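Structure record follows, encoded as structure tokens.
The values are calculated or read from the model by the stated rules, or taken from the named source; none is laboratory data. Small disclaimer: the values here were computed from a predicted structure and weren't measured. Please note: Cβ atoms are built from the backbone with ideal geometry, for glycine as well, and neighbour counts cover all protein chains shown. Heavy atoms of the whole protein, side chains included, go into the accessibility calculation; ligands, DNA and RNA do not. Shrake-Rupley method; radii C 1.70, N 1.55, O 1.52, S 1.80 Å.
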Protein chains: 2
Amino acid sequence: MKKIITIGREFGSGGRELGRRLAEKLHIAYYDREIVTEISKRTELSEQYVQQIVEQKPLPLYPIHVGQSFYPIDALVDPSQQIYQQQSLIIKEMANKGDCVIVGRCADYILKDMKPFRIFVYADMASKIARCRSRDKETEPLSDKALRANIIKLDRGRARYYEFYTGQAWGLPLSYDALVNTSNQDIAQVADALARLFQ
Amino acid sequence: MKKIITIGREFGSGGRELGRRLAEKLHIAYYDREIVTEISKRTELSEQYVQQIVEQKPLPLYPIHVGQSFYPIDALVDPSQQIYQQQSLIIKEMANKGDCVIVGRCADYILKDMKPFRIFVYADMASKIARCRSRDKETEPLSDKALRANIIKLDRGRARYYEFYTGQAWGLPLSYDALVNTSNQDIAQVADALARLFQ
């Protein structure tokens, strides 16, 4: 089976860990944070700024009436669009290098001509809250209510971003080849099972 | 991995064929039509009648004001409920015998205490229409429009039946462990890949 694998995921579903483990298991490349670093290099925008835009903000962060002011023309280049274009180029370059797992960032849509295997990872809210709590032991513990609100907010951002650039519904079955429920599951075990699909 | 596998499926998605092939591949039992035959034997209702109720009609087919008439008390036993109860018993008996694949009939919910692996099979409308057309070569060919209307009607019945008895949403990710898109896929190949999950 082809081994360009894209992973969309709900926040707290363990999708990123699943992607990393899957790539390790299959001995293929794994791209995630590297995409942000590379965009930042090419656009000369800070990594922090790029991270803020990528997957969360499909629309420019500055007021849209800027066109009516006396700003020089360069200021009108929409940084969100610029970042998305760079991201598309980088993701295609990465996929062209060979088999890989790419997490998030509309990679399923950007690579559609290469027919990637598109996975979406999800879980019930209780599992997502538990997973967020277990991986964030350093900081002040948040209440379940606060974690829940944060998960919903981040996923709304991902959905909006994905739908803006792809015209497809984020997280709905028809946008993917397979969906995997990680509620109460050990991610390493799920990765082992999934890897067998591609071996 | 456990090998009690339940398969929910959209009409025309190839889910039944997938279930049969998966069971063959794993050398485990496959239950589908057998369930209707067994219910029919135990209830003394005709197979045709049972088939009509199973997965399509959660509510009695006779007028609900029957309770106000002079019918003998036996006529008040709701045949849909009777069939569902028999179905639950039979599915539990089957699963208790050993590893198996069970298609449809709320088996995922009926067997929830045994923690079956719950798969849902779906496809885009064009693929479902093409699949219905290819397996029904004998009869007068229906238009795409008629096939589409039929698929929607049957799936609405399945959704209503499933939601009535389980209180869960049919076809929505959180009701299952994994969802598989069979659009433009060869079912035998999908079955081969899926079987590796359980080997």
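Neighbouring Cβ atoms from other chains, within 10 Å of the Cβ of residues in A:121-132, number 1 on average.
The eigenvalues of the Cα gyration tensor, multiplied by 5 and square-rooted, give chain A an equivalent ellipsoid with semi-axes of 29, 22, 15 Å from largest to smallest.
At 0.692 mPa s and 37 °C, plugging the Kirkwood radius over alpha-carbon pairs of region A:95-143 into Stokes-Einstein gives what diffusion coefficient in µm²/s? This corresponds to a translational diffusion coefficient of 239 µm²/s. Cβ-Cβ distance of residue A:81 and residue A:114, R₀ of 30 Å, FRET efficiency by 1/(1 + (r/R0)^6): the value works out to about 0.85. Relative contact order (percent) for chain A, with alpha-carbon contacts under 8 angstrom and 6 or more residues of separation? It comes to 39 percent, rounded to a whole number. The residues of chain A expose on average 53 square angstrom of accessible surface per residue, using a 1.4 Å probe on protein heavy atoms. The per residue volume of the convex hull around the alpha-carbon atoms of region B:102-199 is 117 Å³. Expressed in units of 2.2 N^0.38 Å, where N is the residue count, the Cα radius of gyration of the protein assembly as shown is 1.16.
DSSP finds beta bridges in the protein assembly as shown, and of those with both partners inside it, around 10 percent are antiparallel.
In this structure, residue A:44 and residue B:125 have a Cβ-Cβ separation that, at R0 = 41 Å, corresponds to a calculated FRET efficiency of about 0.35. Share of carbon and sulfur in the accessible area of region B:106-174 stands at 55%, probe radius 1.4 Å. So how much accessible surface do B and A hide from each other in total, probe 1.4 Å, in square angstrom to the nearest 100? Roughly 1400 Å². Compare each residue of region B:169-187 in its chain alone against the assembly with all protein chains, and report those whose accessible area goes down by 40 Å² or more; 1.4 Å probe, heavy atoms. Residues passing the criterion (a loss of at least 40 Å², heavy atoms only) are B:173, B:174, B:177, B:179, B:181. Cα centroids of region A:138-199 and region B:122-188: 25 Å apart. Calculated mean residue ellipticity, 222 nm, chain B: -15500 deg cm²/dmol, from DSSP H runs (n ≥ 4) at -39500 (n - 2.57) each, averaged per residue and rounded to 500.
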